[in-house]
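Here the structure comes first, spelled out in structure tokens, and everything after it is commentary.
The values are calculated or read from the model by the stated rules, or taken from the named source; none is laboratory data. Note that this is a predicted model, so its numbers are computed, not measured. Every residue, glycine as well, gets a Cβ built from its backbone with ideal geometry; the counts of neighbours run over all protein chains shown.
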Amino acid sequence: MIGFEGEPDAVAWQVARAKNEFSNLVKGNIIECQASTVDAMATKLAERTDPAEGVVLALGCLPSRTAALAARVLADLPGAVVHALPGSGLIKTVTSAQVDPRPLLAGWRQAAGPGGWARLVRAPRAWKTADATWGAPRPESTLSSAIQRELDPKGLFNPGRLLHQP
């Protein structure tokens, strides 16, 4: 779902631009709704992106990369529902529980750009490792581990607080 607001001419231009950019990606229909039906459309979309079953993924990227990352997710997961929040760089994806997206996470993180991320929100428990859920440890994890060991060698204060530690 992409929302636009502003003067009618500006909104019309934005809608036309979005339709053009997403025309090659969408295998179904692009649904355009007016302001009076936005709440109903958002409710329908929420039902599609938070279903009772399936795998739910969340991705974050630079706002300028949202369309390209959404396109990549659609290409990598045919049949997935992809919801890109307007101008936020946030993408929510739902796919069948029969599809394991874990091998794709690293590529999506790289495509997301600096500070980008991709993680499993809902998946079979066996799939939810620390990396699949939160991403690989950041470069400063070695330093933070050394500081924690120095200040709390017995692990009494906030044991296991750092995700990369057992």
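The table below gives the values:
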item: Members of the range 89-128 that are touching a residue at least 12 places away in the same chain (Cβ under 8 Å), part of a loop (DSSP other than H, G, I, E, B) and not charged (D, E, K, R); result: G89, S96, A97, V99, P101, G113, P114, G115, G116, A123, P124
item: Output for the range 6-23, where each listed residue is small (G, A, S) and in a helix (DSSP H, G or I); result: A10, A12, A16, A18
item: Residue list for the range 135-154, restricted to those being assigned to a loop (DSSP other than H, G, I, E, B), surrounded by 13 or more Cβ atoms within 10 Å (Cβ to Cβ) and at pLDDT 70 or above; result: G135, D152
item: Single match in A80, A35, A67, A84 (criterion: assigned by TED's automatic domain parsing to the domain that holds R125 and modelled with pLDDT under 60); result: A35
item: Complete set of residues in the range 53-64 that are farther than 18 Å from V121 by Cα and either assigned to a loop (DSSP other than H, G, I, E, B) or modelled with pLDDT of 90 or more (or both); result: L62
item: The range 81-104, subset among the aliphatic types (A, V, I, L, M) and surrounded by fewer than 20 Cβ atoms within 10 Å (Cβ to Cβ), residue nearest to K19 (Cα to Cα); result: L85
item: Any chance A75 is modelled with pLDDT of 90 or more and outside any strand (DSSP E or B); result: yes
